[in-house]
Every structure is written in C-alpha cells, then in structure tokens.
Amino acid sequence: MLYKNLHFKLSKLCKPLLLLIGIIMVQPVHAAIRDLKKQPDGVVFNLDKGLMKIKICSADIVEVKYTVFNTFQTKESLVVNNKWSTRVSFLVADEGNDIVISTARLKIVVNKATNAISYLTKQGLLITAEDQLDNKSMQAATIAGINTYNCITEFNSPADEALFGLGCHPVDSLSINYKGRNQDMLIKYMTGAIPVLLSTKGYGLMWDNYSASSFYGAEANNTKFKYVSESGKQVDYYFFYGPTFDHIIDLYRTATGKAPMFPKWAFGLFQSQDRYMSQDEIISVKNNYRDNHIPLDVIVQDWYYWDPLPIGSHIMNPDRYPNPKKMLDELHKDHIHGMISIWPVFGKGTPNYDALKKMGGMTDITWDNVVTHTFDSYYDAHNPAARTLYWEQARDSLIKRYDWDAWWVDQCEPDNGTLLDARRQTNFWPGRGIDYFNTFSLEHSKGIYQGWRRDIPGKRAFFLIRQSFAGEQRNAATLWSSDITCSFESFKRQVPQGINACVSGIPYWTSDIGGYHLNWGTPDWSQPEYRELFTRWFQFGSFSPIFRIHGKGERAIFSKNWDDKTRAILVKYDKLRYRLLPYIYSLAGKVTTDNYTIMRSLAFDFRNDKNVYNIPDQYMFGPAFMVNPVTEQLYTGSHASAGKTTRDVYLPAGTTWYDFWTGKTYNGGRTIAANAAIETMPLYVKAGSIIPMGPVMQYATEKPDNNIELRIYPGADGEFTYYNDENNNYNYEHGSYSTFKLKWDDKQQVLTISDSKGKFQGMLTQRKFNIVLVSGSHGSDSGAADHADKTITYYGKQMAVKL
C-alpha cells in the first residue's frame, strides 16, 4: 500500500524506520513523484501522471518501466528470458531533491520533480542521464487505423559520445556511429532491427518493445537522442553498465540468453548459389571441390526445390531429386554438410497449409509470390501450437527424413515490401500485430530451435536467419544481410552492417559473398570488374564470423569464371580460414562460455581512442587481428582508381601493430597507406597476440589439432584461451569440453601454458606446438613458418617455455 497522506519531509527519527519497512513518502504538491514503495526487486513510484518502476536485476542491470495507466502491463517478455530469481541487495535513500538507489556498482538518481533518472558510478561519476523534461512519455496515436500510444524515452548525449548497435540495416549512410543520425527500427525486407545500443560512455540500453520503432540520434542540436516505439502500454527499457563493451554484451546475454555452440564445420566455407536445380548438380559441386582439393564444409540447397508444387509443400521434386537421402549420404561420406532453405509461407491447398489452418495456426497475411504470381500465406509463429506443428511438418518431410544438417530460415518476416500495415493490423496469437511487429523471426526461430533440440539431440543446430531481433542469439541464429546487390557500393555497406549487428549482441553474422543479384539479374562473373568485386568480398568473408558464398551465377572457387590468378587468391584465403580454425573455434567457445564477441567494433578494444569512433570499415576479429577490407574498386571497371594500390588504415593508439603479411611493425595512433594489391587485404596483428594456427585441411575436422603453430607477436604481454570439445553435439553443456590458457610474458620472453581444465571423449592427451616468435618475415604471411623457434610437447600440465 502507498501512503499518500504522509509527505516526504520526515523526521530523522522516523525516516530509518520507513526505509526499513520499504516505504518512503513523497510530498505530492508540485512533484512528479507522489510516493514510492520499496519492493524486494526494486522501487515502485506513484507519479502525478502514472506509475514508474525501477527494477534492480543485478548490480549493473536495471529495468525501467513507466506507464500513464494505473497498472503495469502484465506480459512475459519475449526477449528477456532471465527470471532474476536471485534478489540483489540495494539501498534507497532520500537526498533532498532526489531519490537515490544504490547497488554494488551503481547509483541510480531519480529526480523528484521530473522522475528523470540519472545513472552514476558507485563513486558518483555520471554515466548517462534521461532528459529532465522529456525523459519518458506516452502519446496517444492512431496508426494504420489502430488507436494506440507511442512510447518514448529520451537521453542526454554529450558531444564526445559515440553510439553503436541497433542491428543490421542494408540501406545505410555508411556511418557506423549513430551519434547525430536517425534509424528506422522496424523489421522489413532486408533488415535486422535490434533495439540494443552501446555507448562509449560505458553503458548499453535495450528497449523491450516489439512494435515498429525509430531511433533519433541528433535531437536538440545533437545533445540528446531518443527512441520512439509506435505502440505500447508502457515504456520498458534495460540499462547495462560496463563500462567495457564486452561486459555490456555479457550483461545483455545474461538477460536474454547465451548463444549455443555451433558445430565446428559451421566455421568452414559454405558454398551456395541461387539456385542448385538438381541432385546431380549438388553432387557435381561436391566432387569439384574435393577433386580440386579446395577446402569446403557445407553445400546449400536454396529455394524452389519443390517446384512445380506450391511453396510449403516440403517436397523435393522427385524428377530433379530422385533420392535426397542418398544425396545427403554422399555429401556426408565426403565430410560435407547440407543446409536447406525452408520458408514460413504456405500455398493454399497444400496438406501443410490445411493442417495449420484447421488448428488456427495461419495468419491473414499474404505474400505476393513473385515466382508463381500467387498470394501465399504466413503461419503464426507467435502461436506455440502452430510452431510445434510447423516444426513437425518440416522435420518429418525434410530435416530428419533426409538428415539435413542446417536450416536456412528464409523470408522470416511477413513482408515483401508492401505488407507493413497488414502486419500491424493482423492478430497474432498473443495480441495485435502492431504490438508484435518485430518478433516474428524471434518466435519462428524459437520454435525450430526447440524442436531441433528435442528431436535431433546429437546434432548441433545451425540456422541462417534473414531478419533478427534481440534475444535471437539463444536460438542458434546467424543473421545474414539478405538479398544485396553485386556492387562495390553494396559491399562497402556490409562492413558497418556486420560490425553493428555484432555490437547489438548477435555474435554470428554473414553476407552473400559477391552480393546476391545485379538488378535481379546475374552478373557475368568472368568479367574483370566482377572478379575484382568477388575477390575483395571473399577476403572480407574469410574474416567474418560465418564464411558464405551465395548469389546468382556460378561463383564456386573451382568455377571457370575465375582466371588462374583470381582462383589462386581465393584458394589462399580459403586455406587461411582453415588454418585459423583453432583460433576461430576457441573464440566460438568463448562466445558461449563468456558471452564474447568475435567481430568487434574497434570501440570494444579501443574505447578511449576517439579516432576509432567514426571508422566504418575496420574491425577486430577476435583479440589479435584488425581487419581492413578493401571496399573500393581499384583495378577494373569505370569506377576504378587507376594506379591506386593502397587503402588508408588507422592503427589505434596504445599498442604496436604487425603487418600480418610482412611482419613489419608500426606504432599505433596514426594512419598509414596500407598495401592493398589485389591479393592483399590489409591485416594487422596487435602486439601481445597469441594465434594458434593449424594445418591446411579440406574440412574442419579432418585433422586433430595436435600439430599447432603458435605464433607469438612480441611487444606486449598477452594471453589466449584455447577451447576444444566434441565438435557436433551438446555434451559441452554438461562439462564435456576442455580449455587451457596461453600466457606471454613479454619482459621475460616466456610462454606459460596452464593446466588443461575439463575433459571430453576423444580428447587429445598430448599436443605438439611449434612456437614461432614473429620477427619480420619470420612467422609472417599465411603459410607455415620456415622453422619453429621452439617445438614442445604439451601433456595437459602447466609448463613454461623460455624463448
């Protein structure tokens, strides 16, 4: 009960008693806060206009809810799956004009007159603050004929703040920093609108609202930003305090769910095309890769394998695919995995459509099928029973029946460019479409992930998703940037899109290497300008979390469209990717165990270097590599920069950098003209890095990692955690994995390898390490070093190696 008849100016004698019982009174005259009550998990404020609650989820995670209604909306979050069962210690105090809530890491200051919230460190330093006048509000609105409320939050933003995240937006300004610019936050064709924002001031925000939204990054002469959701019954957001980006992402995934491990093969090369037309064609692709000794792990069957049957039939045309199980068996025999595209769209009259329709699992949203010129229908992914039936249909018709290894979750938002109002106006299972506008993909992937885990327990799930929302990482989802064009302009946009998608907490992102289409047609890949485009994109893809070729036209590495020079470059980067699998798979382990981010905005590691805030085309790939894709056409075509063979690269301050290809060292804090000849994507390695590199392999698990080249880049101390497990099951969730730490003491020139922790079936009992102390050309480039500085055998017990 809130005691409105008592006011806030209590005697010093009474005040401790009221704090003890959890009730603090506020004078209602001319004050936004009338009174408040301390609850076990936070503080509820009764305002002169509505209610506000500050929930203390942990010492550094705070949820804020505000509504103009008399009660808060009772809904289970689709995004936040942490039940916060452990109560967190916090104190509440009256400090004159403010209420102060203190945790072990934060001071949360609430202004009595405006209810604006300021977030301070435990020491009292300001982190960020809501705007005093326009902090949280709800405004009546009519959208697509629906009466609702806009939900708005507004924050102050100092001039030296940089803002990152908000998902993946293919139509982008090429700026990676959202300070000073706006962004639509509605999931539609070719977007991943993820309502997660990270600031260089050391905090993150996540809006727990699923309606179409907008971010405004330049309010009040660029001194504020605001987030506006078009529909809702309350403002609801989460505040995360880092101050490092890694800790903010850790808190975000603590709230919304960990990313499970992908199988090891998922970090090799995917070969895809729009589209393979037959079983024979897929087997031919497999044979050409293996016969030419080109590393590959996955071949993808894209859409319309069901043609001429309607979409949603889940039948592979028997004339073109006479024995799909035999096809998958042949792929598996050659250690290649299969991924298939399955849509959430159904043609009328199919048995699957009829079954979903009968149980109330179809929506009234139709998709204009540009191939068959029919209007096909989306099922309701928000309906738990429909999700279960959808999974069972795909499981029995395709996935388990033929032993497919991965699922391409295509067209996973009800939109083909014209369905936005239809989505708003529909009624999904939990409520109005306008209030669940952005969560179809989240719920769709939830259903297929849960089904996969239940019915295919020995095989890790991998889903390639067109659109993504907050929390989707827990559903084994990789976000792909959709049907982009085959152009340098489109390629250039991919780099900031991938970086910001990963800043948003989604650890796995990929693009169609080469782009998907050329004005919906097919480029002539044999032409020099398209060879150049594909080469540059392939180089970037080899340092993306997931490494995927896809699009219109033959572009497999063995293709006759490539001349010998182009093919040699492609094979070089493909082999480098496979040599780096011990490094990459260890980072994937860290994603799952520590909520790590592989594709890293420079602000992750150099947050205090303001020079990195507006660089859209450089990023860290794990702790060691700084990747600098060449997104400008230098050699061929009408836009080529005649004679130019370099690109500018900024080397962040505070460390020494090694040119990966030559071993030459540079001091940080300056911009250099990096070699960008066609065979070279500039790569720089941070001093103190330890990079485990394996042998060249034809597939990810071909050779055990007992003969590893350990490259050490001296000039600073460093460490790296080596991870291993059983590669393609979920036993790691029960402790079946191992780690050991590699530590480099630069002053002593000593490498220490810790005891190995953990065990699993088939684990190596000894490993051979060829230790290479990089110096100039020694240990540079992608091939094995000409000699090791020291060769050791590691038996799982701690050892120190003097170099």
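The values are calculated or read from the model by the stated rules, or taken from the named source; none is laboratory data. Remember, it's a predicted structure, so these values are computed and weren't measured experimentally. All Cβ positions, even for glycine, are placed from backbone atoms using ideal geometry, and neighbour counts span all protein chains on display. For accessibility, only protein heavy atoms count, side chains too; no ligands or nucleic acids. Shrake-Rupley method; radii C 1.70, N 1.55, O 1.52, S 1.80 Å.
Worth pointing out:
- Across Lys201/Lys226; Lys703/Lys802; Lys75/Lys358, pairs whose alpha-carbon gap is larger than 23 Å: Lys703/Lys802; Lys75/Lys358
- In plain terms, the chain from Asn614 to Thr752 could stretch by 45.9 nm, reckoned as 0.36 nm per residue minus the Cα-Cα distance.
- Span from the region 732-777 Cα centroid across to the region 262-316 one, whole angstrom: 36
- Once you reduce region 127-181 and region 453-491 to the center of their Cα atoms, the two points are 26 Å from each other.
- Working note: 222 nm ellipticity from helices only, DSSP H runs with n ≥ 4, each -39,500 (n - 2.57), summed and divided by the residues of the chain, gives -5500 deg cm²/dmol to the nearest 500.
- Extension gain from His734 to Arg401, taking 0.36 nm per residue of separation minus the Cα-Cα distance: 117.1 nm
- Per residue accessible area of region 90-154, 1.4 Å probe, in Å²: 42
- Charges were assigned to the Cβ only: +1 to each Lys and Arg, -1 to each Asp and Glu. The resulting dipole of region 282-349 about its Cα centre is roughly 160 debye.
- Positive end of the dipole of region 81-151 (Cβ unit charges, origin at the Cα centre): among Asn81, Ile146, Leu125, the Cα lying farthest that way belongs to Asn81.
- Principal axis box of the chain, alpha-carbon based, largest edge first, Å: 85, 73, 56
- Here the 3J(HN,Hα) profile of region 88-95, calculated from phi with Karplus coefficients 6.51, -1.76 and 1.60 at θ = phi - 60°, is 9, 6, 8, 10, 10, 9, 8, 10 Hz, Gly and Pro shown as x.
- Heavy-atom accessible surface of region 583-632, averaged per residue, reaches 23 Å², computed with a 1.4 Å probe.
- Seen against the Cα atoms of the chain and their longest principal axis, helix 488-503 is set at about 50 degrees.
- Considering region 307-462 at the alpha-carbon level, its Rg and Dmax are found to be 15.9, 49 Å.
- Of the solvent-accessible surface of the chain, computed with a 1.4 Å probe and all protein chains present, 50% belongs to carbon and sulfur.
- Cα-only Debye scattering, region 210-287: base-10 log of I(q)/I(0) at q = 0.15, 0.19, 0.26 Å⁻¹: -0.85, -1.01, -1.22
- A dipole drawn for region 430-521 from +1 and -1 charges on Cβ atoms has a positive end, and of Gln494, Trp452, Phe469 the residue lying farthest that way is Trp452.
- Pairs from the table (Lys136/Lys179; Lys55/Lys224; Lys83/Lys492; Lys264/Lys741) lying more than 31 angstrom apart at Cα are Lys83/Lys492.
- Cα-based helix-to-principal-axis angle, 564-579 vs the chain, degrees rounded to 10: 60
- With Cα atoms, 0 to 90° folded angle of helix 279-291 axis to the chain main axis: 70
- Rg over Rh for region 506-610 works out to 1.05, both radii taken from alpha-carbon positions and Rh defined as the Kirkwood radius.
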